[in-house]
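Colleague: Here it is: the structure, laid out below.
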Amino acid sequence: MSSERELFRTDDTQVQTETRDARMTGQGDRFNSKLREVFGSSPFILTKFDKFMNWVRGSSMFMLQFGIACCSIEMMHTYAVKHDLDRFHAGVPRASPRQADVMIVPGTIVSKFAPRMKRVYDQMPEPKFVVGMGSCTISGGPFQEGYNVVKGAEEVIPVDIHVPGCPPRPEALVYGVAKLQERIANGEASPVTVKPYELEQFGDLEQDEIVDELASEIDEEDLVMRYNWADSP
Amino acid sequence: MSSLQEGEETPEIESGETELEALLDDLIVDRDDHENAPAFVIRPDTVQETLGRLKEEAGYDHLSLVTAEEYPDRYESIYHLKKFDDPTDEVSIVVPTDAENPVSESAEPVFRTADWHEREAYDLVGIDYDDHPDLRRILLPETWQGHPMGRDYDQNRPQMVPLREHANPLEDDHRSESDSDTMFVNIGPHHPATHGVLHLETTLDGEQVVDVEPDIGYLHRNEEQMAQQSTYRYQIMPYPDRWDYISAGLLNEWAYARAAEDLADIEVPEYAQIIRTMGAELCRIAAHMLAVGTFALDIYGDFTAIFMYAIRDREKAQNILEDLTGQRLMFNYFRLGGVVWDLPEPREEFFEKVRSFTEELPELLEEYHDLITGNEILQMRTVGTGVLPEEVAKNYGATGPVARGSGIDYDIRRDDPYGYYDELDWEVPVEDGCDNFSRLLVRMREVEESAKIIEQCVDLLEDWPEEERNIQANVPRTLRPDDDTEIYRTVEGAKGELGVYIRADGTEKPARFKIRSPCFSNLQTLPEMSNGEYIPDMIAALGSLDIVLGEVDR
């Protein structure tokens with residue numbers, strides 16, 4: 001077969017492969033698509049910048065590679081073959097919080113870990129979103145009555161979507177992420193700014209010398225986390 | 001079955017006991033026997049001498065667990081000793097201490113593994129150990145007030161945890177002044193290579209690890225307290241699934257089931273034992289698959305084919321387990337006295353599914369061997385790195401694939417048989433390379449052996465007469481084991497010797513529930529394996545230990 005054909009042709013116009021045929025025949029449809037008909041002759045799509053940004057954010061989400069407890073095993077299964085979260089525009093696990101948009105909180109948060117999780121959350125650039133995975137991030141789950149367990153992720157960071165289950169199946173997590181994307185696209189899950197405690201308390205004082213001096217004494221790293229089991233629901 | 005074995009063991013223990021009494025004659029204050037072993041009460045200032053004699057002269061070279069508990073009038077530390085040669089030969093040393101001033105001598109100079117165990121006892125119960133090298137809190141934050149497993153602890157009192165406690169060690173004040181090449185690096189608690197929320201405080205000299213100190217407790221979910229608040233019959237069983245959560249649920253459930261069944265004298269029907277054995281080995285395959293996959297991930301550094309293949313094969317095992325138990329991960333399938341329900345109908349379909357899985361396995365493993373163990377790059381990274389000599393491993397109480405990778409022929413399934421293991425034909429893989437590669441090989445060979453066990457179980461279950469399919473023994477709705485009975489029983493979990501100690505007080509809830517976590521002991525060996533090595537070798541060593549933080553911290 002190959003002996004009959006000339007292998008290399010230098011004249012470009014003479015090249016008539018099947019691919020090129022297909023391209024030529026499809027040309028009309030490609031450039032005069034239905035979408036174009038709808039928009040008329042204008043080559044521009046007009047939309048609000050917000051709306052566009054929301055659509056972009058929801059369509060390309062970088063997840064934080066963040067494992068805590070049992071749920072992280074199911075989270076790994078969600079990322080990996082079979083369930084493949086990547087199909088839903090949300091499957092790029094980033095090891096660094098500085099590159100991530102979404103944090104899935106997969107597991108029980110205990111008193112020692114809560115400040116660390118807060119720090120990781122603070123390190124993520126805005127806009128950032130949080131999916132709470134499993135019962136532990138809702139209420140402490142099966143360990144709620146324990147002495148060391150924080151009763152839900154929301155005691156520490158704001159959570160956009162809760163996925164219940166112990167642990168939730170991968171399908172449930174995919175559904176949760178899809179719901180988050182839907183909310184982001186609709187502009188419902190607005191980016192949350194969490195200020196350190198001191199800034200919230202004293203941020204609106206006038207900047208005179210005393211305030212400047214006091215402000216220099218504040219160590220933003222040294223926030224006090226208070227775990228008060230008695231007042232928790 | 002279990003009571004039968006106990007009957008066989010009794011004479012052996014009897015003869016050993018008189019010898020032990022003679023050996024410890026001047027040290028013994030009292031006797032306080034446990035269900036599983038003779039227990040000698042000694043004075044708190046003779047701990048090292050007693051344990052030293054037992055280790056050197058009587059051959060009790062495995063300190064399996066240190067249990068601490070508080071009674072109304074005293075504190076008690078219990079040292080559960082075993083022999084690596086014969087784990088059925090056990091002895092417990094009970095060390096009561098004053099309620100006002102609980103000070104006891106540390107066992108750390110005799111058994112290195114006592115270091116962390118005693119730190120945990122100090123942290124949770126509040127016993128002070130004299131002569132301990134580094135008695136700090138281990139699971140709870142340094143600022144914690146009170147000892148939560150103590151009797152008068154009020155968990156409603158607020159705890160203040162300032163972020164200062166988690167100060168960034170990379171700041172200037174932590175830099176070593178004397179030697180500018182020394183550097184501190186925090187690995188974790190959020191880091192892809194730590195397999196969860198482990199925090200490694202490493203001191204580096206250039207690229208070499210001078211010292212590494214694992215900082216644990218980021219997943220301390222008070223599992224022991226939860227078990228103590230729950231009833232024996234139904235409420236405790238869901239928790240073991242969450243100790244070692246890498247699909248090893250049934251193995252963990254068995255640890256609790258074995259201890260509680262022996263405590264309450266429950267006989268498990270043979271048919272249920274076979275189902276248990278089959279389910280447990282499926283769990284072991286799934287757990288080892290993830291261990292192999294993440295180990296390759298640590299070595300090669302990306303979500304490459306091996307990890308995806310491992311997940312793919314885990315999915316198959318999980319599907320079978322889901323058919324059997326109704327859950328993917330947290331099975332809650334065992335009941336005291338058996339299992340919750342029979343195999344799924346139609347049975348033939350289920351058997352066929354299991355069979356096709358086990359028949360495929362050798363071929364799959366061949367593929368893994370091509371990709372992993374046969375790969376020169378991986379061999380360069382793992383052969384001869386992370387060396388853990390046999391004696392060191394024993395001293396640290398390492399068990400499971402970590403011990404077997406160091407040439408210690410120790411497997412509870414064979415040496416202290418339970419379930420249906422002693423009726424089946426399988427082997428315990430042992431490698432004597434003592435390095436990362438051997439531990440990897442042991443895991444992969446164990447998968448083969450597990451598949452063999454499953455196949456035999458399926459054969460047995462298939463031919464089991466329909467009228468004799470008894471899945472549960474007759475167990476009273478409320479279990480109240482006799483007052484003041486204590487038992488410590490272990491099984492072979494995915495990571496090693498997983499044990500449960502229960503003290504009953506005549507009520508339907510345990511008075512003390514203590515978990516012996518294999519990972520807790522295994523993780524302690526990390527500094528031995530990685531000090532002086534390069535950072536990547538330390539990461540490889542950590543991966544080869546295959547820890548799961550849910551079990552380390554409990």
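Colleague: Please compute the contact order of segment B:493-534 in relative form: average sequence separation of alpha-carbon pairs under 8 Å and at least six residues apart, divided by the residue count, as a percent.
Modeller: 34 percent
Colleague: Over all residues in B:151-157, what is the mean tally of Cβ atoms on other chains that come within 10 Å of each residue's Cβ?
Modeller: Average per residue, whole number: 3.
Colleague: Can you put B:L20, B:L343 in order, fewest other beta carbons within 10 Å first?
Modeller: In order of increasing Cβ crowding within 10 Å: B:L20, B:L343.
Colleague: Can I ask one more? Hydropathy first: keep DSSP H helices in chain B averaging at least -0.5 on Kyte-Doolittle, then drop any whose Cα extent along the axis falls short of 18 Å, and list what survives.
Modeller: Qualifying helices, which must be both long enough and hydrophobic enough, are B:249-263, B:270-300, B:305-325, B:436-462.
Colleague: With respect to the cross-link table entries A:K51/A:K118; B:K55/B:K394; A:K118/A:K151; A:K82/A:K151, which display a Cα-Cα separation exceeding 21 Å?
Modeller: The answer is A:K51/A:K118; A:K82/A:K151.
Colleague: Hey, if you put +1 on the Cβ of every Lys and Arg and -1 on every Asp and Glu Cβ in segment B:203-278, which of B:A260, B:V212, B:A272 ends up farthest toward the positive end of that dipole?
Modeller: Ranked along the dipole, the leading option is B:A272.
Colleague: Given H placed on each backbone N at 1.01 Å, which residues far from B:A39 in sequence or on other chains put an amide H within less than 5 Å of it?
Modeller: B:D32, B:D33, B:H34, B:S92
Colleague: Out of segment B:251-325, which GluC sites (Glu not before Pro) are coil in DSSP terms and have no more than 16 other C-beta atoms within 10 Å?
Modeller: B:E267
Colleague: Tell me, B:Y309, B:Y239 in order of fewest to most beta-carbon neighbours within 10 Å?
Modeller: Ordered from fewest to most neighbouring Cβ atoms within 10 Å, B:Y309, B:Y239 come out as B:Y309, B:Y239.
Colleague: Give a residue-ordered list of calculated ³J(HN,Hα) values for segment B:404-414 (Karplus: 6.51 cos²θ - 1.76 cosθ + 1.60, θ = phi - 60°; whole Hz; x for Gly, Pro).
Modeller: 5, x, 9, x, 8, 7, 9, 8, 4, 4, 8
Colleague: On a straight-distance basis, which lysines could pair with A:K48 in a cross-link, Cα separation under 23 angstrom, same-chain partners fewer than 8 positions away excluded?
Modeller: Output for A:K48: A:K34, A:K128, A:K179.
Colleague: Further question: Express in whole angstrom the spacing between the alpha-carbon centres of segment B:494-554 and segment B:248-314.
Modeller: 16 Å
Colleague: I want the local charge near B:P102. Using Cβ-Cβ distances under 10 Å, sum +1 for each Lys or Arg and -1 for each Asp or Glu among the other residues.
Modeller: Local charge sum for B:P102: -4.
Colleague: Over all alpha-carbon pairs of segment B:223-553, lay out the pair-distance distribution in 20 Å bins, whole %, shortest bin first.
Modeller: 33, 57, 10, 0
Colleague: Which semi-axis lengths, in whole Å and largest first, follow from the square roots of five times the eigenvalues of the Cα gyration tensor of segment B:306-428?
Modeller: Taking √(5λ) for each eigenvalue gives 32, 23, 13 Å, largest first.
Colleague: Let me ask something else. Using amide H atoms built in the peptide plane, which far-off residues or other-chain residues are under 5 Å from A:V92 H to H?
Modeller: Those qualifying (amide H under 5 Å, at least 5 residues apart or on another chain) are A:M63.
Colleague: Would you mind computing, in nm to one decimal, how far apart the modelled labels at B:S356 and B:V29 are, each placed 7 Å from Cα along Cα→Cβ?
Modeller: Once both label points are built, they end up 6.4 nm from each other.
Colleague: Hey, another quick one. Between segment B:96-162 and segment A:90-163, how far is it from one alpha carbon centroid to the other, in angstrom?
Modeller: Their Cα centres are 29 Å away from one another.
Colleague: Mind checking segment B:330-437 for GluC sites (Glu not before Pro) that DSSP puts in a loop (not H, G, I, E or B) and that have at most 16 other Cβ atoms within 10 Å?
Modeller: Here the GluC sites (Glu not before Pro) that fit, given the DSSP loop and packing criteria, are B:E427.
Colleague: Can you tell me the relative contact order of segment B:223-553? Whole percent, Cα pairs under 8 Å, sequence separation 6 or more.
Modeller: Once normalised by length, the contact order is 27 percent.
Colleague: Shifting gears a bit: Under the definition of partner shielding as Cβ atoms of other protein chains within 10 Å of a residue Cβ, what is the mean value for peptide A:93-106?
Modeller: 1
Colleague: How long are the semi-axes of the equivalent ellipsoid of segment B:2-130, defined as square roots of 5 times the Cα gyration tensor eigenvalues? Whole Å, largest first.
Modeller: Ellipsoid half-lengths, sorted descending, are 24, 15, 14 Å.
Colleague: Calculate the spin-label point distance for B:Q235 paired with B:N186, positioning each point 7 Å from the Cα along the beta-carbon direction, and give it in nanometres.
Modeller: So the label points at B:N186 and B:Q235 sit 3.8 nm apart.
Colleague: While we're looking at this one, here's another question. Just grab the label-to-label distance for B:I377 and B:D152, each label 7 Å out from Cα along the Cβ direction, in nm (one decimal).
Modeller: The answer from the label model is 6.1 nm.
Colleague: About the Cα centre of chain B, how large is the charge dipole given +1 on each Lys and Arg Cβ and -1 on each Asp and Glu Cβ? Please answer in debye to the nearest 20.
Modeller: Magnitude of the dipole: close to 1940 debye.
Colleague: A further question follows. Report, in deg cm²/dmol and to the nearest 500, the calculated mean residue ellipticity at 222 nm for chain B, where each DSSP H run with n ≥ 4 adds -39500 (n - 2.57) and the sum is divided by the residue count.
Modeller: Dividing the helical sum by the residues of chain B leaves -12500 deg cm²/dmol.
Colleague: Further, regarding this structure: Take B:V428, A:V174, B:V110 and order them by how many other Cβ atoms sit within 10 Å, fewest up front.
Modeller: B:V428, A:V174, B:V110
Colleague: Counting Lys and Arg as +1 and Asp and Glu as -1, each charge on the Cβ, what is the dipole of segment B:2-130 about the Cα centre in debye, to the nearest 20?
Modeller: The calculated dipole for segment B:2-130 is roughly 320 debye.
Colleague: Tell me the Kirkwood radius of segment B:423-485: reciprocal of the mean inverse pair distance over distinct alpha-carbon atoms, in Å.
Modeller: For segment B:423-485, the Kirkwood estimate is 15.8 Å.
Colleague: Nearest 5 is fine: what % of DSSP beta bridges in chain B come out antiparallel, could you say?
Modeller: 90 percent
Colleague: Quick one: the Cα spread of chain B along its three principal axes, in angstroms, biggest first?
Modeller: Extents along the principal axes, in whole Å: 69, 57, 48.
Colleague: What number, in percent, do you get for the relative contact order of chain B if the mean sequence gap of Cα pairs under 8 Å and at least 6 apart is divided by its residue count?
Modeller: 17 percent
Coordinate-derived values only; no laboratory data. Keep in mind it's a predicted model, so treat the numbers as computed, not measured. Cβ: placed from backbone, ideal geometry, glycine included. Neighbour counts: every protein chain shown.
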